[in-house]
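Chemist: One structure, as structure tokens, below. Some questions next.
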Amino acid sequence: MRRSCLTLGAQGKQWGRLGIFTSKAFALHVAMLALLLDVAGGSSYNPVSLRRCVAGAGVIAAGTVESITPRSIEGTIVSEIRFRDVAFLRDSRSTRRSLVIHLLGGSMGDSGLVDMGGPTFRAGERYVLLLKTSLGTYRDGYSPIIYYNQGLFPVFPDSPSAQPSVHNWIRRPIAGVHGGRIISVQPRDENSAPTVHRRGVR
């Protein structure tokens with residue numbers, strides 16, 4: 001997978017902030033992940049089945065982003081992403097109690113680095129994560145998500161009155177899994193019907 005990076009100026013990368021989810025919402029998205037695993041993510045150019053993503057993940061967890069801290073590591077900018085309220089469904093280290101990953105990109109002072117097309121995180125938002133065991137090191141180019149980005153599932157409500165639901169990495173709601181394919185729905189505008197997308201498999 002070819003990755004391209006963009007260096008930003010003084011404006012840098014601003015991370016959005018969303019509200020905290022209730023315990024009911026937390027239980028909802030953990031149950032959703034369990035459902036996906038019972039039925040059974042990489043880049044949009046080389047789609048991978050959910051079952052293959054799950055099989056390849058060394059760590060599977062759900063957590064809320066507590067902080068995003070850009071750091072200069074070995075001449076590049078890497079964001080340290082720390083999670084709270086973490087629930088592990090699979091972990092190669094059974095004694096782990098916290099979750100911190102390292103992701104290429106971020107902003108520091110007058111400069112910044114963006115991994116074009118790579119996964120992004122928002123402080124305060126919750127995610128279901130399929131991760132490499134390394135959790136992001138120089139050996140994997142600080143790319144901790146399995147199959148580049150297909151193991152990233154943001155959890156948030158689609159409207160102020162809606163319950164939190166699981167989305168794919170490009171933030172489209174997941175309607176289900178069929179034949180190894182994740183079925184997502186593109187939000188509609190006022191003049192069109194919703195569009196259903198099926199992610200291919202390898």
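Chemist: For segment 162-198, which residues satisfy the criterion of being more than 24 Å from ASN46 (Cβ to Cβ) and either at pLDDT 90 or above or among the hydrophobic types (A, V, I, L, M, F, W, C) (or both)?
Modeler: ALA162, GLN163, PRO164, SER165, ALA193
Chemist: Here's another thing I want to ask about it. Restricting to strands (runs of 3 or more DSSP E) lying wholly in segment 1-100: which have 1 or more residues that are exposed (fewer than 15 other Cβ atoms within 10 Å of the Cβ) and at pLDDT below 50?
Modeler: 4-8
Chemist: Could you please find all residues in segment 57-81 being closer than 13 Å to LEU129 by Cβ, of a type outside the set (Val, Ile, Thr) and out of contact with any helix residue (DSSP H, G or I) (no Cβ under 9 Å at 6 or more places or on another chain)? So that I can check it myself, show each step before the final result.
Modeler: Within segment 57-81, the first condition is being closer than 13 Å to LEU129 by Cβ, and the residues that meet it are 57-65, 81.
Okay, now just the ones that are also of a type outside the set (Val, Ile, Thr), so 57-58, 61-63.
Within segment 57-81, ALA57, GLY58, ALA61, GLY63 qualify.
Chemist: With the condition kept exactly as written, say whether any residue in segment 143-158 is part of a loop (DSSP other than H, G, I, E, B) and among the small types (Gly, Ala, Ser). Show your work before the answer.
Modeler: Initial filter on segment 143-158 (part of a loop (DSSP other than H, G, I, E, B)): 143-144, 146-151, 157-158.
When the remaining residues are screened for being among the small types (Gly, Ala, Ser), the result is 143, 151.
Yes, because at least one residue in segment 143-158 is part of a loop (DSSP other than H, G, I, E, B) and among the small types (Gly, Ala, Ser).
Chemist: Just give me the residues in segment 163-182 being within 20 Å of TYR148 (Cα to Cα), assigned to a strand (DSSP E or B) and under 17 Å from the mean Cα position of the chain (by Cα), in sequence order.
Modeler: Within segment 163-182, VAL166, HIS167, PRO173, ILE174, ILE182 qualify.
Chemist: Return a yes/no flag: does segment 137-151 have any residue that is surrounded by fewer than 15 Cβ atoms within 10 Å (Cβ to Cβ) and of a type in the set (Phe, Trp, Tyr).
Modeler: There is at least one residue in segment 137-151 that is surrounded by fewer than 15 Cβ atoms within 10 Å (Cβ to Cβ) and of a type in the set (Phe, Trp, Tyr).
Chemist: So, in segment 128-147, how many residues would count as being farther than 27 Å from PRO164 by Cα, out of contact with any Leu (no Cβ under 7 Å at 6 or more places or on another chain) and not small (Gly, Ala, Ser)? Please lay out each step first, then the result.
Modeler: We begin by selecting, within segment 128-147, every residue farther than 27 Å from PRO164 by Cα; these are 133-134, 136-142.
Within this subset, residues satisfying the condition of being out of contact with any Leu (no Cβ under 7 Å at 6 or more places or on another chain) are 133-134, 137-140.
Still in the list and also not small (Gly, Ala, Ser): 133, 137-140.
Count: 5.
The values are calculated or read from the model by the stated rules, or taken from the named source; none is laboratory data. Fair warning: this is a prediction, and the values are worked out from it, not measured in the lab. As a convention, Cβ positions derive from the backbone with ideal geometry for all residues, glycine included, and neighbour counts pool all protein chains shown.
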